[in-house]
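Working notes for the structure below.
The values are calculated or read from the model by the stated rules, or taken from the named source; none is laboratory data. These figures come from a predicted structure and were not determined experimentally. Note that we place each Cβ from the backbone using ideal geometry, even for glycine, and neighbour counts take in every protein chain shown. Quick note on the areas: whole protein, heavy atoms, side chains included, nothing else; ligands and nucleic acids left out. Shrake-Rupley method; radii C 1.70, N 1.55, O 1.52, S 1.80 Å.
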Amino acid sequence: MSKGKLPQQFLQIKKRHEKFFNAVEELGKVVKQEGPLDEKTICLIQLAAAATVHSEGAVHSHVRRALEAGVAPEAIYHALLLLTSTIGFPTVIAAVTWAEDIIKNKKKKNARK
């Protein structure tokens, strides 16, 4: 899990169920090591899955992770647009909007530096 600013509710649940969260995080690490995909590709696949299940929080999380892994915002948008024929236009637009929440916030932070 990214160490950036995480939603308070997520942090509270993580604290309450620490063993469970540690197991899930360890599973994620192991699965990433099981194949040849690079970090950027993994991030985009996980982002696509988050969009597919209509999870705003997961899209936020995976956009954050993708940016941290060096994925360009244009690649994030492209990955989401590629889902249109699979998950539908309204779901893609929702996911793009959620992605923009994170991308625009990062641009604002970088402009302040």
**OP:** Report which label in (i) 200; (ii) 100; (iii) 114 holds the value of volume of the Cα convex hull per residue in Å³ derived from the coordinates of this structure.
**Re:** (iii)
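Defining a contact as two alpha carbons under 8 Å apart and six or more residues distant in sequence, what relative contact order in percent does the chain show? Could you put the intermediate results ahead of the total?
Details: 71 pairs, mean separation 26.7, N = 113.
Reported as a whole number, the value is 24 percent.
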Subject >> Helical contribution to [θ] at 222 nm, DSSP H n ≥ 4, -39,500 (n - 2.57), averaged over the chain, rounded to 500 >> reply: -25000 deg cm²/dmol
Original post:
Which order, highest average first, do 17-23, 68-74 follow once you tally other Cβ atoms within 10 Å for each residue and take the mean per peptide?
Top reply: 68-74, 17-23
Subject >> Accessible area (Å², 1.4 Å probe, nearest 10) - residue 34 >> reply: 140 Å²
Original post:
So, with a 1.4 angstrom probe, what is the percent of accessible area on the chain that is carbon and sulfur?
Top reply: 59 percent
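Might you tell me the accessible area per residue for the chain, computed with a 1.4 Å probe and given in Å²?
Values: 7720 Å² over 113 residues.
Roughly 68 Å² per residue, with all protein chains present.
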Original post:
Going toward the positive end of the dipole of the chain, with +1 on Lys and Arg Cβ and -1 on Asp and Glu Cβ, which of 58, 111, 35 do you reach last?
Top reply: 111
Original post:
³J(HN,Hα) across segment 56-62 via Karplus (A = 6.51, B = -1.76, C = 1.60, θ = phi - 60°), whole Hz, x for Gly/Pro?
Top reply: 4, x, 5, 4, 3, 4, 6
Subject >> Pairwise label distance in nanometres, residue 16 with residue 53, each label 7 Å out on the Cα-Cβ vector >> reply: 1.9 nm
